[in-house]
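Below you'll find the structure, written out as structure tokens, and then a few comments.
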2 protein chains.
Amino acid sequence: MTTLKNDRYIRALLKQPVDATPVWMMRQAGRYLPEYKAVRKEAGDFMAVCTNPELACEVTLQPLRRFKLDAAILFSDILTIPDAMGLGLYFEAGEGPKFKHPIKSLADVKKLPNPDPEIELKYVMDAVRTIRKNLKGSVPLIGFSGSPWTLATYMIEGGSSKAFTKIKKMAFAEPQTLHLLLDKVADSVITYLNAQIAAGAQSVMIFDTWGGVLSPRDYKLFSLQYMEKIVAGLTREYEGNKVPVTLFTKNGGMWLESIAATGCDALGLDWTIDIADAKARVGDKVALQGNMDPSVLYASKERIEQEVQDILAGFGAGEGHVFNLGHGIHLDVPPENAGYFVDAVHKYSKQYHK
Amino acid sequence: MTTLKNDRYIRALLKQPVDATPVWMMRQAGRYLPEYKAVRKEAGDFMAVCTNPELACEVTLQPLRRFKLDAAILFSDILTIPDAMGLGLYFEAGEGPKFKHPIKSLADVKKLPNPDPEIELKYVMDAVRTIRKNLKGSVPLIGFSGSPWTLATYMIEGGSSKAFTKIKKMAFAEPQTLHLLLDKVADSVITYLNAQIAAGAQSVMIFDTWGGVLSPRDYKLFSLQYMEKIVAGLTREYEGNKVPVTLFTKNGGMWLESIAATGCDALGLDWTIDIADAKARVGDKVALQGNMDPSVLYASKERIEQEVQDILAGFGAGEGHVFNLGHGIHLDVPPENAGYFVDAVHKYSKQYHK
């Protein structure tokens, strides 16, 4: 078994005792850090960092040098799979990700390949191996993927969307085409995440950023069903170590019971739900990750510390809490505020772990 | 008392018996209708239609000529108040609404005037009077406003937003400035809606499109508190008729109990909540409006009818349901599908009202 110097994050996901609540931040490697901006400027663009294992490793480690984070997360993008399927990912300044060849028909879906993680996505696996090696067992490495529904929104809309009219049109007018797409993407996500685990990821997280735009029934049908398939297909133990899996549906607060029933180890929570309510509803089944509004990091040190204490008190005593923001850190947050946040979690959580 | 030929909508909001469930559609006057596009093309732009009472009346009545809708809604924009306050509303093609002079400081907030509805917003009141006269008592006229929080997002961000970082920065770093703004806007909304009621609106609705981006505590503090103030300040009976008020927080499904406790008559529901659950939670206190996913209107006639039947069955027997979409109708929906939807509500709801 691998011995981690700091295994709080893994232990908390497995609801095992810890000395303090572990903490990491979604998008902890990123544009709020000047050292990240320097790498990015040198490299050219976002994908140039993702596709270079040394640079991906460097930016992954940057926040760990500044803050006492309890986990590292692979620096990559959720859209690597559709890109490897041939959709042609590109980024336009200020406009978010786009695809040159979005999915328009059943024929488009049928011809999608299942990318080989060690060929088309070898750059990701090389990044995982490089980061894992350079972490030297200090903290665990988190691998990740987008959920099939979330990936499909970009694949069909051709980029970001507000109303998701193209994918919803397909969901209501041609559901069998969408189900075939979601099933193929789910298979690719399983292969991809299992390859990340084999390459060194010690836990994996599935980001369902857009599951919350569906009705309760359609969420189960088009998003949750495929995440459940992925959970069932994942390597849950590797070289003697449990590999916990976290599912995160943004705006999924009303559906926690269903998500917890998939067999995952933990649920990510955004800030629109009170963590005490979430714990009362599903805390006996799964660990909870979250859930401070990232905008609190705009506040004073005192206010940040107060908010951390409120959320810790909301979760209360007992195991199974990984502290995080409810979504990615904003790019204009002062880095020192992220430091106040991380330190406050460790400082004020000790009383709940005795 | 005014005698309405069709008062189903008002009766349902007041939880009184009806012969069939009333139905209308958010954005029922709009770009999915070719006759709307013709008026719009002639007029020039969106605000040219809003500011011309005859044109606003014409487009308000257009959907009523096609469909057996149980209510008309004033054709206007939620951003008329900030525009009247001097922020300079304009629209850029494909980009949504923007303000020339967004709010940046306490000084900006302090100098905001409280617009006189019969001076700066006279074009809205004239539209209400013209529509009410032309409706000839056929169906009730709904007036509306944005919620203070929702209006403030546009006033501070300067337009639409994804992460709402500017207003959240103010909420966490300078809350007293934001509270002053919200309070001033709430006062203006009260004056504005009461003027709409005096001009002929028989019911009013408050659209809180962006309340759902807040945490439970911040929702109460920055959004709900000010809607509660508005509800308390509204004319609830006019010339012997009750004037029901509906509050709609998009993505507010977790907070229905708090919203129902404001004293409003009805809650708008988006499609992310099961209407049966919503009824079980707050159906004894308020009427419910909703909640079909607007994207269902992309489906076949059979599928649309099935979805209508499912939602009617979810609400079940008893009074207090106004059927609607969970958000505005999409601009690329075939008009005949909207007709199938409206007819299906009347046809299949009769069995629940005996």
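The values are calculated or read from the model by the stated rules, or taken from the named source; none is laboratory data. No experiment lies behind these values; they were computed from the predicted model shown. Every residue, glycine among them, receives a Cβ derived from its backbone with ideal geometry; neighbour counts consider all protein chains shown.
I'm trying to understand the selection: among the residues of the range B:256-271, which are over 18 Å from the mean Cα position of the chain (by Cα) and in a helix (DSSP H, G or I)?
B:Glu257, B:Ser258
Which residues, taken from the range B:325-341, are away from every other protein chain (no Cβ under 14 Å) and crowded, with 22+ Cβ neighbours inside 10 Å?
B:Ala338
Return yes when B:Ser300 is in contact with a Lys or Arg (Cβ under 9 Å, 6 or more places away or on another chain) and either over 26 Å from B:Leu193 (Cα atoms) or modelled with pLDDT of 95 or more (or both) and no when it is not.
Criteria not met by B:Ser300.
Considering only the range A:300-343, how many residues are of a type in the set (Asp, Glu) and closer than 17 Å to B:Leu214 by Cα?
Total satisfying the criteria: 2.
So how many residues does the range B:79-113 have that are within 30 Å of B:Leu33 (Cβ to Cβ), out of contact with any Pro (no Cβ under 9 Å at 6 or more places or on another chain) and of a type in the set (A, V, I, L, M, F, W, C)?
1
Could you run through the range A:89-105 and say how many residues are of a type in the set (Lys, Arg) and surrounded by 17 or more Cβ atoms within 10 Å (Cβ to Cβ)?
Number satisfying all stated conditions: 1.
Kindly indicate the residue of the range B:304-324 that is without any contact (Cβ under 8 Å) to a residue 24 or more places away in the chain and more than 20 Å from B:Lys68 (Cα to Cα) and also farthest from the other protein chains (Cβ to nearest Cβ) among those meeting that condition.
In this case the residue turns out to be B:Ala313.
Would a scan of the range B:185-201 turn up a residue that is outside any helix (DSSP H, G or I), without any contact (Cβ under 8 Å) to a residue 40 or more places away in the chain and surrounded by fewer than 24 Cβ atoms within 10 Å (Cβ to Cβ)?
So far as the range B:185-201 goes, no, none of its residues is outside any helix (DSSP H, G or I), without any contact (Cβ under 8 Å) to a residue 40 or more places away in the chain and surrounded by fewer than 24 Cβ atoms within 10 Å (Cβ to Cβ).
Could you please give the count of residues in the range A:137-177 that are within 12 Å of chain B (Cβ to nearest Cβ) and either buried (at least 21 other Cβ atoms within 10 Å of the Cβ) or assigned to a loop (DSSP other than H, G, I, E, B) (or both)?
10
Return yes or no: is A:Pro117 touching a strand residue (DSSP E or B) at 6+ places or on another chain (Cβ under 7 Å) and surrounded by 15 or more Cβ atoms within 10 Å (Cβ to Cβ)?
No; evaluated as a whole, the condition is false for this residue.
Taking the range B:249-295, which residues are within 14 Å of chain A (Cβ to nearest Cβ) and at positive phi?
Those that are within 14 Å of chain A (Cβ to nearest Cβ) and at positive phi: B:Asn251, B:Gly290.
With the requirement that a residue be in contact (Cβ under 8 Å) with a residue 24 or more places away in the chain and outside any loop (DSSP other than H, G, I, E, B), what does the range B:116-132 give you?
Of everything in the range B:116-132, those that are in contact (Cβ under 8 Å) with a residue 24 or more places away in the chain and outside any loop (DSSP other than H, G, I, E, B) turn out to be B:Tyr123, B:Val124, B:Met125, B:Asp126, B:Ala127, B:Val128, B:Arg129, B:Thr130, B:Ile131, B:Arg132.
When you look at B:Thr246, is it away from chain A (no Cβ under 11 Å) and in a strand (DSSP E or B), yes or no?
Spelling it out, B:Thr246 is indeed away from chain A (no Cβ under 11 Å) and in a strand (DSSP E or B).
Could you list all residues from the range B:272-286 that are outside any helix (DSSP H, G or I) and either β-branched (Val, Ile, Thr) or touching a Pro at 6+ places or on another chain (Cβ under 8 Å) (or both)?
B:Thr272, B:Ile273, B:Asp274, B:Val286
Could you list, in sequence order, all residues of the range A:313-333 that are in contact with a Phe, Trp or Tyr (Cβ under 8 Å, 6 or more places away or on another chain) and either part of a loop (DSSP other than H, G, I, E, B) or over 25 Å from A:Gly263 (Cα atoms) (or both)?
Across the range A:313-333, the qualifying residues are A:Gly316, A:Ala317, A:Gly318, A:Gly326, A:His327, A:Ile329, A:His330, A:Leu331, A:Asp332, A:Val333.
Is it the case that the range B:180-198 has a residue that's closer than 20 Å to B:Ile103 by Cα, of a type in the set (Lys, Arg), at pLDDT below 95 and over 18 Å from the mean Cα position of the chain (by Cα)?
no
Out of the residues in the range A:45-88 that are of a type in the set (D, E, K, R), assigned to a loop (DSSP other than H, G, I, E, B) and touching a residue at least 60 places away in the same chain (Cβ under 8 Å), which is surrounded by the fewest Cβ atoms within 10 Å (Cβ to Cβ)?
Among those that are of a type in the set (D, E, K, R), assigned to a loop (DSSP other than H, G, I, E, B) and touching a residue at least 60 places away in the same chain (Cβ under 8 Å), it is A:Lys68.
Which ones in the range B:206-243 are among the charged types (D, E, K, R), within 11 Å of chain A (Cβ to nearest Cβ) and crowded, with 19+ Cβ neighbours inside 10 Å?
B:Asp218
For the condition out of contact with any strand residue (DSSP E or B) (no Cβ under 9 Å at 6 or more places or on another chain) and not aliphatic (A, V, I, L, M), what is the one hit in A:Gly252, A:Gly233, A:Gly200?
A:Gly233
Kindly provide the set of residues from the range A:89-101 that are touching a residue at least 60 places away in the same chain (Cβ under 8 Å) and assigned to a loop (DSSP other than H, G, I, E, B), ordered by number.
Matches in the range A:89-101: A:Glu95 only.
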